[in-house]
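**Student:** Once you've had a glance at the structure underneath, I'll fire off some questions.
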Amino acid sequence: MTLPGDHDRRIWDVLCVGTTSGVVAWGAVGAWTAATADAYPWNAWIPFPVGAVKGALLGLLAAAAVLAVLPRSPRLGRSGPAFCAAFVGGSLPATARTVNSQPDDLMTLLPHWAGTVALPAAVCAVALAMLAGRPYRPGQSIAAGAALAVAGGALVLVPAIASALAPEVRGNGGHANEGPLAMMFCWSIGLPVLFAGLVRWGLLQTSSSGRRETG
């Protein structure tokens, strides 16, 4: 049976899943960059938290794109339109920046775009498409809130974990400030995400417990 509040819960589910999957997808790209690139000898861990934070914002943008194109119903719609909207929403900002950066060298930039933009955007889009294409179940809202809280906690902890795994910091001057700035950037997004996930999860848990007691 469809309840009046199911659609609103699905909206929150899409936002939670989009943000969480974005943190995972773009955080993985950032971790790969930190592990393989030689351009960060003084602070090799920087791309990891920056990628995760960027993923939270792009995943939220992908989720907003899904909500913009799908109908107002508890099911939200089919997975095909959701995937296309999420992919465009998640990849458009970086794609535009890539095209504008060196428009005469697009063939060289294409492999970089495919691995660092298209791939994480596709991963995020798949997660959102799977959510949008399946019937609503109340338990998934609790799981989505918990996943958002975990993603926020990961964002808060990523700078400390990444810096512990990275080589010893080298260099001076402006580079010495990049670590603290990246940490503050990560915390500025991670703490609100963590708080939103905990509040969402707690409210749903309380609502679920109340329904069981009255039922």
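**Student:** Diagonalise the Cα gyration tensor of the stretch 123-164 and give the resulting equivalent ellipsoid semi-axes, square root of 5 times each eigenvalue, largest first, whole Å.
**Tutor:** That gives 28, 13, 4 Å for the three semi-axes.
**Student:** For the ranges 79-86, 49-56, what's the packing order if you count other beta-carbon atoms within 10 Å of each residue, average per peptide, and put the highest first?
**Tutor:** Averaged packing, sorted descending, gives the order 49-56, 79-86.
Each value in this text was obtained by applying a stated rule to the coordinates, not by laboratory testing. Just so you know, these numbers come straight off a predicted model, no measurement behind them. Heads up, the Cβs are rebuilt from the backbone with ideal geometry, glycines too, and the neighbour counts pull from every protein chain shown.
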